[in-house]
Number of protein chains: 2
Amino acid sequence: MDISASTINLPKGMKSLKTSPSPGRPRAFDVEQALETAMNLFWKQGYEGTSLTDLTDAMGINRPSLYAAFGNKEELFRKVVKRYGSGPGRHATTSLTEPTARQVAEAMIRGSVNLLGDPDHPRGCLMVHGALACSEDSAEVQQDMAAMRCSAETQLCERFARAQAEGDLPAAADPADLARFVQAVTQGMAVLAASGATKEELSRVGELAMRAWPE
Amino acid sequence: MDISASTINLPKGMKSLKTSPSPGRPRAFDVEQALETAMNLFWKQGYEGTSLTDLTDAMGINRPSLYAAFGNKEELFRKVVKRYGSGPGRHATTSLTEPTARQVAEAMIRGSVNLLGDPDHPRGCLMVHGALACSEDSAEVQQDMAAMRCSAETQLCERFARAQAEGDLPAAADPADLARFVQAVTQGMAVLAASGATKEELSRVGELAMRAWPE
DNA sequence: TGATATGTGTACCAGTCAGTAAATAATACG
DNA sequence: CGTATTATTTACTGACTGGTACACATATCA
């Protein structure tokens with residue numbers, strides 16, 4: 001007997017991991033590919049600058065299909081942000097695992113340069129471009145993006161504080177200040193990228209920034 | 001005989017500088033005050049995030065009055081940007097007159113900190129928040145803003161090159177790189193301000209950044 | 001062969017967008 | 001006074017916004 005995932009009692013609405021057959025008409029588009037398309041659009045035009053028509057046209061699907069698969073515009077955006085964090089923006093978390101504070105900062109900056117200078121991606125950073133300034137209708141999305149940027153700063157700060165305890169960051173240095181500085185540089189590079197800065201130019205900004213590193 | 005400005009042959013549509021009486025119903029609102037209100041709105045919500053209804057409601061005028069006084073939404077935005085450049089964003093140009101390259105950079109950063117950390121203003125920078133990411137409808141405004149940021153960078157670069165010729169910047173330093181670095185820091189601080197950074201926090205970012213300054 | 005479950009396509013909803021036509025009100029000038 | 005000029009008010013336009021109702025298509029399962 002074939003025990004496919006569909007026979008297992010899964011929480012309501014939860015899709016099985018195995019691509020087991022399920023009743024009903026099969027989806028005619030690739031969800032992951034559609035998410036990728038949506039990410040690139042939101043990345044380029046921001047949350048409010050991207051209309052549902054923009055999205056469905058680019059994804060090649062109809063409006064009800066989008067709603068059935070992703071909820072609504074806001075939920076789709078959040079799924080896109082999540083995907084961004086574990087995809088193109090991966091370096092923001094992986095950099096934290098570097099052995100020393102300096103290497104963490106360098107990895108963070110190098111990762112930003114590689115992402116922002118990549119001509120295959122929209123110019124800029126989704127976390128900055130997504131909903132920096134917008135109407136009051138999107139205030140919640142805007143605040144969430146700000147909260148995520150703050151969270152990245154906090155994680156960085158905690159990593160630097162640990163480094164200080166471990167002795168690879170001078171006691172005189174302020175972990176919070178350093179974290180904020182790295183954030184300022186990477187986010188500033190995101191704006192520069194939107195103005196057309198090249199990878200080499202961004203790289204030199206990063207190099208210059210690291211000259212401010214203590215010790 | 002009274003030679004008021006209105007008797008002088010002015011180009012069509014050109015308003016006289018003197019507030020001389022003119023035929024027709026007098027305007028019931030203060031144009032400068034309305035511009036100030038519009039600036040604060042665009043500053044906070046960006047170009048696309050601010051609707052004409054937002055504008056007219058805040059200005060306390062009707063839609064046709066706005067069109068009669070400012071042209072249309074895009075022209076109003078450009079007037080606002082101009083006002084911003086000679087008002088709150090004044091430091092971007094005035095800093096260039098400092099005697100040395102280092103003082104120019106310091107003034108630029110200090111000016112940004114003062115502006116971005118001022119609780120009386122929207123958090124952020126109009127040149128960054130105004131139209132960073134938007135729909136294709138506003139691509140022209142978006143490009144103009146990017147061009148203005150690039151222009152600021154170029155002016156800074158030229159100032160640093162002059163400083164190098166004058167001997168107050170090491171020959172090994174690259175004026176273009178330094179200009180781009182200062183831009184990255186100030187624009188990064190604009191994003192930080194949008195995330196809620198205080199004036200003191202921004203100030204420490206600026207202090208840290210200046211530690212990268214050559215010699 | 002149903003019966004059930006899911007996805008797609010069309011066509012629509014109310015609300016908002018930027019922009020404007022036309023009537024009226026308020027001023028200066030002669 | 002009348003005329004010319006400008007501003008305000010109301011009401012509107014067509015296009016677009018995010019979101020959905022409903023008929024139909026396509027799959028599994030009994």
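A few notes on this one:
- Against the numbered list (1) free of Cβ contacts under 8 Å to residues at least 12 places away in the same chain; (2) more than 7 Å from chain A (Cβ to nearest Cβ); (3) basic (K, R), B:R211 comes up short only at (2).
- Filter pass, A:A133 being aliphatic (A, V, I, L, M) and more than 12 Å from chain B (Cβ to nearest Cβ): no
- Taken together, the residues in region B:143-155 that are within 9 Å of chain A (Cβ to nearest Cβ) and without any contact (Cβ under 8 Å) to a residue 40 or more places away in the chain amount to 5.
- For region B:177-200, the count of residues that are away from chain A (no Cβ under 12 Å) and under 16 Å from B:H91 (Cα atoms) is zero.
- Any chance B:S112 is within 24 Å of B:E201 (Cα to Cα), within 14 Å of chain A (Cβ to nearest Cβ) and modelled with pLDDT of 95 or more: yes
- Here B:T100 fulfils each of the conditions (1) without any contact (Cβ under 8 Å) to a residue 24 or more places away in the chain; (2) surrounded by fewer than 14 Cβ atoms within 10 Å (Cβ to Cβ) apart from (1).
- As for region B:24-46, it holds at least one residue that is within 14 Å of chain A (Cβ to nearest Cβ), of a type in the set (S, T, N, Q) and either closer than 30 Å to A:S51 by Cα or in a loop (DSSP other than H, G, I, E, B) (or both).
- Hits in region A:128-144 (condition: within 20 Å of B:A131 (Cβ to Cβ) and either among the polar types (S, T, N, Q) or surrounded by 24 or more Cβ atoms within 10 Å (Cβ to Cβ) (or both)): A:V128, A:H129, A:G130, A:A131, A:L132, A:A133, A:C134, A:S135, A:S138, A:Q142
- Scope region A:156-174; condition within 12 Å of chain B (Cβ to nearest Cβ) and either buried (at least 22 other Cβ atoms within 10 Å of the Cβ) or in contact (Cβ under 8 Å) with a residue 12 or more places away in the chain (or both); matching residues: A:C157, A:A173
- Scanning region B:195-206 for residues that are touching a Gly at 6+ places or on another chain (Cβ under 7 Å) and buried (at least 24 other Cβ atoms within 10 Å of the Cβ) gives a single hit, B:L202.
- Scan of region B:47-103 for residues that are within 16 Å of DNA strand D (Cβ to nearest atom), over 24 Å from B:D144 (Cβ atoms) and assigned to a loop (DSSP other than H, G, I, E, B), ordered by number: B:G60, B:I61, B:N62
Residue-wise test of (1) part of a helix (DSSP H, G or I); (2) among the aromatic types (F, W, Y); (3) within 21 Å of A:V191 (Cα to Cα).
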| residue | (1), (2), (3) |
| --- | --- |
| B:E140 | yes, no, yes |
| B:A161 | yes, no, no |
| B:P170 | no, no, no |
| B:L178 | yes, no, yes |
| B:T186 | yes, no, yes |
| B:E200 | yes, no, no |
| B:G206 | yes, no, yes |
| B:E215 | no, no, no |
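- When B:A209 is tested against the conditions (1) buried (at least 24 other Cβ atoms within 10 Å of the Cβ); (2) under 15 Å from B:H129 (Cα atoms), the lone failure is (2).
- Boolean, B:A58 is more than 14 Å from chain A (Cβ to nearest Cβ) and either within 13 Å of DNA strand C (Cβ to nearest atom) or modelled with pLDDT of 95 or more (or both): no
- Unmet requirement for A:G130, which otherwise passes all of (1) free of Cβ contacts under 8 Å to residues at least 40 places away in the same chain; (2) under 24 Å from B:A190 (Cα atoms): (1)
The values are calculated or read from the model by the stated rules, or taken from the named source; none is laboratory data. Predicted, not measured: the structure shown is a model, and the values here were computed from it. Here the Cβ is made from the backbone with ideal geometry for all residues, glycine too, and neighbour counts use every protein chain on show.
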